[in-house]
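Engineer: Mind looking over this structure? Questions follow.
The values are calculated or read from the model by the stated rules, or taken from the named source; none is laboratory data. From a predicted model like this one, the values you see are computed outputs, not experimental measurements. Neighbour counts run over all protein chains shown; Cβ positions are idealised from the backbone, glycine included. Just the protein is used for accessible areas: all its heavy atoms, side chains included, with ligands, DNA and RNA removed. Shrake-Rupley method; radii C 1.70, N 1.55, O 1.52, S 1.80 Å.
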Amino acid sequence: MSKLRPVALRCEHHLAPMGLNRSAPRFDWALEGDGLDRRQSAWQIVVRNGGKVLWDSGKVPSAETHQIQYAGIALASDLTLGWSLTVWDENDQPSDPVDAAPFRTGLMSQDDWQAQWIARYFVLPAGREAPSDNPYDNKWQARPADHLRRDFSASEKPVRASAYVTALGLYELYINGARVGDAVMAPGWTDYHQRVEYQSYDVTDLVDSGENTIGAMLGEGWYSGRVGHNQRRAGNHYGGRPALLCQLHLEYADGRVERVVTDEHWKTVQGPVCYSDFLMGEQYDARLEMPGWAEPGYDTSRWQPVEVFTPDPRAPHLEASRAPQVRETVRFPGKYLHKAKTGGHIYDLGQNIAGYCELELSGQSGDRFTLRHGEILDGEGELYVANLRHAVATDHYIAKGEGREKFKPRFTFHGFRYVELTLPAGVSPADVTLTGIAIHNDLPVTGAMRTGSDMVNQLLSNIEWSQRDNFLSVPTDCPQRDERYGWAADAQVFWKTSGYVMDVSAFLEKWFEDIAEAQLPDGAFTDVAPSKPLNPYRLTAQPGAPGWGDAPVIMAWQHWLRYGDKALVEKHFDRLVAWLKHIADANPDHLRVNAVYNNYGDWLSIGPASDRTMVATAYWVLVADLMAKLSAVVDRTDMVAHYEAQATAVRTAFLAAFVGDDGIIKGDTQTAYLLALDFSILPPDLHAKAAAHLLRKLDEADGHLQTGFLGVKHLCPVLSDIGAPDRAYDLLFNETYPSWGFSIRQGATTIWERWDGWTEEKGFQSVNMNSFNHYAYGAVGEWLYARAAGIDWDEAAPGYSTIRMRPLFDRRLGWVDAHYDAPTGRVESQWRIEGDLVTWTIAVPPNCEAAIALVKAPASLTAGDKATAVPGAQFTLGSGRYTLTVPL
Ligand code: BGC
């Protein structure tokens, strides 16, 4: 048998971690291995600092591949560490040792920071009022981006140089003129009054012996720029001007370490970025560029001293960034379409993205190029921007008139597919090249799926793109209008789907910190996290609505199932307990009548609305059940019975208040039946009756869905579970309004916020709320992976040690080709229908089992290349490749 091969070695969920907060990091890996029934029998990890071994676990007899915790010599800050892994197989044969990407410890103690926050002094033109540092001051004005710099000398070429950097606002760091790293919108969004994430970079190659220069540009971002829809308090949510914190460590051959830190020795000036803001856009005047400003020898006589800045109301806690950074990922050449009535030229990227454009152009000094961004064109072919609300989403470039020039904005992003480019006189579209650049948290892509249906393939692509476009530091609702908040229900209904598409583990760990910090003193989770800009007038944020505030419980549970990682659950368990207490205290009769502030019900459903108290109470059953399970996960056995009893009491109240003997649930809506069925609220006889009512409701709607955000996720899974998978496929293939297919027929390249974002009868929905890029309705993705392809997690074996494979074959779909890089390894599923037979090929990674459940027993089973006896319709397979033929 060939050796096992450890792959996808991760430290703290990262393939290449930048800096860590933990002194005892956790390691994970996946396995590859030929043949059948391969198993890991032991592992050994060695962690080294250069030549010095800090931890050698020795050979540990264990099949575990998840969350192995470092147990060596205590790790100091500011180290770059290598780790390697060897595993042994079922015959005690060792793998070749594999070196993982090095990981870095960050600055783990606040005392490691010697840098001070620095910012530009306010210098006021006569008659202008200072933007205040007071976060409750709402004035936002267009402000140029600050440049900051200092020279420093290195006595020799350092053997290692590391930069630790962050901003209140956004930063770009430069050393000797070279940009450090490729993160954009760093350091990302947190509640800057409580916590700011910093990034660490290896800059050894950039620092020379002798004279050097370090510089940074600062933008406003979420800190002082405009965020959200509240026009009267649009900006300055956390402060009035951006600030920088940076610490450079130079380590010499003899072990000496020198530090260059932000302090009063830096100088600042404003340059070509006239303003840059998420909602407004950016104006860049290339005539104001300062070539060489971040290089030694630059004349700074015009520059001013910086102010050592004391953040208000207190210095935030500094933590290493938890998730992979936001980066530029995919470029789309703009296709020229036509001249608009405005005189601008319309370009099409072919894909709705979050990001910005890069423009290559030639012009005269002072020529202005203007880019407006929109998701869609109106019936006349004009850019449609009414749905952006107050987001101006316009970038201006003013040329310097020197040959070929290139521009892309730095500290803004837009949600768009179409661009209207207004050119100066004398410049024609032939003189410019326009490219769209997508940005998002650069999480490892884990899944891919193709099918025999072009429409379903487009749906899969739309799901993936709405995820890309909305994973921007936090999981947002939409990237285009004046909103872009981390709305919790949107995220929870989509979370299982998102985990197939990308590795969302570290991203959720980061967002959970935001959620935790936003939690109110009475235990209420909030609707959005970070929460501050949503409620600028209230001193406390708005408590979460049912389905919204419940999101952390649901997502913690899913994180456990997908990654087999209980650390997140352990860390936040008491917060989840507090939320459940908050619900129970407000609703002593076990009906969730008091949703305290808001109850959005089945948000944006189409057709008859579901009863909001019914929806809320159903969600209470779900979260009480999940809390009972989570209590067991973290060994809080004392709590298990408590939540089980609570779930029973709420079920009883639900039955009494909402369910008739005939199984009709109050309101008689699709969502009512979906929630009751999927949350196992009903006893068996009523369950069967409710299932029949769900089918009746579909018939009454002529086979159309009628759900909103909370119902949508359950449609196809519940129909499959109640033995009506054909009805699930009917919904999938429906192309008439309302359906997923309807938006695709209209040319959608992302998931629409509303089923009726545009209809033949009514045209565009209300401009008040009509995004074409909201992922919630993309929640059907989990069913596509879990049931159409048949790659699902198993509650009994979290972290994909067991893969539940229950594919639902369908003639209309014809074939499926899917894989998912589970934490344990790559799972593959391909099926194709020919005549009355399905040929199904699967690959199960080493150390895992597939729990197969088919409707009909296979006619043949080939394991590896050997024909094998068929064990019936339900059986378990070890690792390896298998081909099954299954009668339809
Ligand atoms: C957001 C949603 C969110 C909802 C809650 C909307 O404005 O875009 O996605 O969940 O508000 O009411």
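Engineer: Which of the numbered conditions does residue 47 fail, given that it passes all the others? Conditions: (1) in contact (Cβ under 8 Å) with a residue 60 or more places away in the chain; (2) over 19 Å from residue 89 (Cα atoms).
Structural biologist: Residue 47 satisfies every listed condition except (1).
Engineer: Any residue in segment 101-115 that's more than 15 Å from residue 319 (Cβ to Cβ) and in a loop (DSSP other than H, G, I, E, B): show its pairings with residues that are open to solvent by 40 Å² or more (accessible area, probe 1.4 Å) and hydroxyl-bearing (Ser, Thr, Tyr) at Cβ separation under 8 Å, as long as the two are six or more apart or on different chains.
Structural biologist: From residues that are more than 15 Å from residue 319 (Cβ to Cβ) and in a loop (DSSP other than H, G, I, E, B), the pairs are 102/80.
Engineer: Would you confirm whether or not segment 246-253 contains a residue that is farther than 14 Å from residue 148 by Cβ, out of contact with any strand residue (DSSP E or B) (no Cβ under 7 Å at 6 or more places or on another chain), without any contact (Cβ under 8 Å) to a residue 60 or more places away in the chain and hydrophobic (A, V, I, L, M, F, W, C)?
Structural biologist: No: zero hits.
Engineer: Say whether the condition of being more than 16 Å from the ligand (Cβ to nearest atom), within 18 Å of residue 436 (Cα to Cα) and either open to solvent by less than 10 Å² (accessible area, probe 1.4 Å) or among the aliphatic types (A, V, I, L, M) (or both) is met by at least one residue in segment 460-481.
Structural biologist: Yes, segment 460-481 has at least one match.
Engineer: Here is a further query. Which residues, counting only those in segment 293-328, are among the hydroxyl-bearing types (Ser, Thr, Tyr) and open to solvent by 50 Å² or more (accessible area, probe 1.4 Å)?
Structural biologist: Those that are among the hydroxyl-bearing types (Ser, Thr, Tyr) and open to solvent by 50 Å² or more (accessible area, probe 1.4 Å): 298, 301, 310.
Engineer: Scan segment 482-496 for residues that are open to solvent by less than 10 Å² (accessible area, probe 1.4 Å), under 16 Å from residue 526 (Cβ atoms) and either of a type outside the set (Phe, Trp, Tyr) or more than 10 Å from the ligand (Cβ to nearest atom) (or both) and jot them down.
Structural biologist: 486, 488, 489, 490, 491, 492 - these are the residues of segment 482-496 that are open to solvent by less than 10 Å² (accessible area, probe 1.4 Å), under 16 Å from residue 526 (Cβ atoms) and either of a type outside the set (Phe, Trp, Tyr) or more than 10 Å from the ligand (Cβ to nearest atom) (or both).
Engineer: So, in segment 202-246, how many residues would count as being of a type in the set (S, T, N, Q), modelled with pLDDT under 95, in contact with a Pro (Cβ under 8 Å, 6 or more places away or on another chain) and part of a helix (DSSP H, G or I)?
Structural biologist: Summing the residues that are of a type in the set (S, T, N, Q), modelled with pLDDT under 95, in contact with a Pro (Cβ under 8 Å, 6 or more places away or on another chain) and part of a helix (DSSP H, G or I) in segment 202-246 gives 1.
Engineer: Residues 556, 551: which one is more than 16 Å from the ligand (Cβ to nearest atom), of a type outside the set (Val, Ile, Thr), open to solvent by less than 10 Å² (accessible area, probe 1.4 Å) and in contact (Cβ under 8 Å) with a residue 40 or more places away in the chain?
Structural biologist: 556 is the lone residue from the list that is more than 16 Å from the ligand (Cβ to nearest atom), of a type outside the set (Val, Ile, Thr), open to solvent by less than 10 Å² (accessible area, probe 1.4 Å) and in contact (Cβ under 8 Å) with a residue 40 or more places away in the chain.
Engineer: Could I ask something else about it? Pick from 71, 130: which is aliphatic (A, V, I, L, M) and at pLDDT 95 or above?
Structural biologist: When all the criteria are applied, what remains is 71.
Engineer: If you take the residues in segment 605-630 that are in a loop (DSSP other than H, G, I, E, B) and in contact with a His (Cβ under 9 Å, 6 or more places away or on another chain), which one is most open to solvent (accessible area, probe 1.4 Å)?
Structural biologist: Among them, the one singled out is 607.
Engineer: Right, residue 438: away from the ligand (no atom under 16 Å from the Cβ) and either open to solvent by 10 Å² or more (accessible area, probe 1.4 Å) or part of a loop (DSSP other than H, G, I, E, B) (or both) or not?
Structural biologist: no
Engineer: Let me ask something else. Every residue in segment 9-24 that is open to solvent by 50 Å² or more (accessible area, probe 1.4 Å) and either within 17 Å of residue 503 (Cβ to Cβ) or hydrophobic (A, V, I, L, M, F, W, C) (or both), please.
Structural biologist: 15, 16 - these are the residues of segment 9-24 that are open to solvent by 50 Å² or more (accessible area, probe 1.4 Å) and either within 17 Å of residue 503 (Cβ to Cβ) or hydrophobic (A, V, I, L, M, F, W, C) (or both).
Engineer: Can you spot a residue in segment 825-847 that is closer than 30 Å to residue 380 by Cα, in contact (Cβ under 8 Å) with a residue 60 or more places away in the chain and not assigned by TED's automatic domain parsing to the domain that holds residue 605?
Structural biologist: Checked against the condition, which is being closer than 30 Å to residue 380 by Cα, in contact (Cβ under 8 Å) with a residue 60 or more places away in the chain and not assigned by TED's automatic domain parsing to the domain that holds residue 605, segment 825-847 yields no hits at all.
Engineer: OK, next. With the checklist (1) buried (at least 24 other Cβ atoms within 10 Å of the Cβ); (2) in contact with a strand residue (DSSP E or B) (Cβ under 7 Å, 6 or more places away or on another chain); (3) under 19 Å from residue 352 (Cβ atoms) in hand, flag the one item residue 758 doesn't pass.
Structural biologist: Only one criterion is unmet by residue 758, namely (1).
Engineer: Residue under question is residue 755, and the condition is that it be more than 16 Å from the ligand (Cβ to nearest atom), hydrophobic (A, V, I, L, M, F, W, C) and at pLDDT 95 or above; does it hold?
Structural biologist: no
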